[in-house]
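The values are calculated or read from the model by the stated rules, or taken from the named source; none is laboratory data. This is a predicted model, so every value here is computed, not measured. Here the Cβ positions follow ideal geometry from the backbone for every residue, glycine too, while neighbour counts run over all protein chains shown. Only protein heavy atoms, including side chains, enter the accessible area calculation; ligands, DNA and RNA are left aside. Shrake-Rupley method; radii C 1.70, N 1.55, O 1.52, S 1.80 Å.
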Amino acid sequence: MRRAVITGVAGYVPEKVITNKDLEKFVDTTDEWIRSRTGIEERRVLEEGGTSIIGEHAVRMLCEKTNTDPKEIDLIICATVTPDMIFPATANIICDKVGATNAWGYDLNAACSGFLYALDTGAQYIATGKYKKVVVVGADKMSSIIDYKDRTTCIIFGDGGGAVMLEPSEDDNGIIDSILKCDGAGRNHLAIPAGGSERPASIETVETRQHFVRQEGQIVFKAAVTSMASVAYDIMEKNNLSSDDVAWLVPHQANLRIISATANRMGVSEDKVMINIQKYGNTTAGTIPLCLWEWEKKMKKGDNIILAAFGGGFTWGSLYLKWGYDS
Ligand code: UT7
């Protein structure tokens, strides 16, 4: 078994910015409320096209940065809850758009934990020796499933995402361990009620706005604080890591208060926590690769890094890796 290591990272956010002040025009909210309850100041919105556009930009940049001919890619896994269409998979569309003509691909839906699930899955293909280059994309166009009349959700989410390249590690660095969880009993607390096979689209589902994200915020908040903090702590303990050993915590960006609770539980100080929620909001599967992209220059070869996420499903988990290169 060979460890999979991240050998490059790229990200993409659309240009259009929606500030909290802009949202004050749509719903009964204030900039002060949004900042103090979530930490978010603005978010990005993709005006035209679907999630594959975010993935395409990220994978093109990734190939350039890692000097990879797209034809060398074996597999693209795309974590998303906002595929361009129900089928075909957005991963297939990204393969086509970037010219990854020798790759196959599939989508993976684990909501805000999607990138963690996909990264762990992609790493297995490298570890078994089956593939040499696996691209993992985490991207969402949340504006396509957000009700801009619902002040409890529209303030949180944004569009964006990123991609990483996984290759066989030449040394001890790479993806070392993961703890991934799900609990379908939480399915109704954060979901899109209609549009799937249980409740297909009808005039009634459209009129009652059931194709948008519905969230029971406080229930999700409590579950997120407990589960994300515990699982991040558990992976440290399992791998005998003290808080001093951890160079970076890369948390899913859902709410600044959830991020702080996780860092506190781990005993990790704020200067070691990647936080960009103020700029991009919650981009679902996109948050963690966007952080890695933004912090790439600060990470050093051999850094111990903990990724942690919680999301709809419920799904949650943490992943421990050693960073593979100096930028
Ligand atoms: O990434 C996937 C996982 N998702 C999450 O982790 C999100 C978890 N949940 C949260 O982040 C928070 O629960 C929210 C940000 C969604 C809400 O914050 P909260 O502190 O839990 O607020 P709340 O739901 O307890 O609402 C407090 C009050 C309510 O008014 P009353 O009943 O006290 O009069 C809400 O109606 O704030 C009101 N409210 C708002 N007021 C202004 C709710 N949304 C807004 C708003 N602007 N946008």
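Along the axis of the charge dipole computed for region 175-322 (Cβ charges of +1 for Lys and Arg, -1 for Asp and Glu, origin at the Cα centre), the listed residues Gln278, Ile176, Ile203 are led at the positive end by Gln278. Annotation: lysines with alpha-carbon distance below 17 angstrom to Lys181 (same-chain offsets under eight excluded): Lys222, Lys238. Backbone geometry of region 165-172 corresponds, through the Karplus equation with coefficients 6.51, -1.76 and 1.60 at θ = phi - 60°, to 3J(HN,Hα) couplings of 9, 10, 9, x, 7, 8, 9, 7 Hz, x marking Gly and Pro.
The 3J(HN,Hα) values that the Karplus relation (6.51, -1.76, 1.60; θ = phi - 60°) gives for region 115-128 are, in residue order, 5, 5, 4, 5, 5, 5, 5, x, 4, 5, 5, 6, 4, 6 Hz. Gly and Pro appear as x.
Of Arg44, Arg151, Arg209, which has the most accessible area with a 1.4 Å probe, and how do the rest follow in descending order? Mind showing how you got there, number by number?
Details: Arg44 45, Arg151 125, Arg209 85 Å².
Result, largest first: Arg151, Arg209, Arg44.
Quote the FRET efficiency, to the nearest 0.05, computed for Asp69 versus Val17 with a Förster distance R0 of 30 Å and r equal to the Cβ-Cβ distance. The calculated FRET efficiency here is 0.30. In terms of its C-alpha gyration tensor, the chain comes out oblate, because a/c is 1.5 or above while a/b does not outweigh b/c.
Based on protein heavy atoms only, region 1-57 ends up with 52 Å² per residue of surface accessible to a 1.4 Å probe. The distance from the alpha carbon centre of region 227-276 to that of region 78-157 is 24 Å, rounded to a whole number. At a probe radius of 1.4 angstrom, the accessible area of region 175-322 per residue rounds to 44 square angstrom. Counting protein heavy atoms only, the chain has 50 percent of its accessible area on carbon and sulfur, 1.4 angstrom probe.
Gain in length, Thr30 to Ile203, computed as 0.36 nm per residue apart minus the alpha-carbon separation, to one decimal in nm?
On the way: separation 173, 0.36 × 173 = 62.28 nm, distance 3.30 nm.
So the extension gain works out to 59.0 nm.
Extent of region 4-171 along its three principal axes (Cα atoms, max minus min coordinate, largest first): 54, 32, 26 Å.
If you count, for each residue, the other Cβ atoms within 10 Å and average over each peptide, how do 28-35, 213-220 line up from highest to lowest? Provide the component values of the computation, followed by the final result.
Details: 28-35: 14.1, 213-220: 16.1.
Listed from highest to lowest mean packing, they are 213-220, 28-35.
Scoring 3-13, 193-203 by mean Cβ neighbours within 10 Å over their residues and listing the highest first yields 3-13, 193-203. Sort region 282-327 into rounded, prolate or oblate with this rule: let a ≥ b ≥ c be the square roots of the eigenvalues of the Cα gyration tensor; rounded if a/c is under 1.5, and if a/c is not under 1.5, prolate when a/b is larger than b/c, oblate otherwise. Since a/c reaches 1.5 but b/c is at least a/b, the shape of region 282-327 is classed as oblate. Ordered by solvent-accessible area of protein heavy atoms (1.4 Å probe), largest first, the residues Met1, Met299 come out as Met1, Met299.
Using the structure shown, select from Lys130/Lys272; Lys65/Lys141; Lys133/Lys298; Lys16/Lys301 the pairs with a Cα to Cα distance greater than 27 angstrom.
Lys130/Lys272; Lys16/Lys301
Under the simplified labelling scheme, the Glu170-Arg257 pair shows an inter-label distance of 4.8 nm, with each label point 7 Å from Cα along Cα→Cβ. Relative to the Cα centre, the charge distribution of region 175-322, modelled as +1 at Lys and Arg Cβ and -1 at Asp and Glu Cβ, gives a dipole magnitude of about 160 debye.
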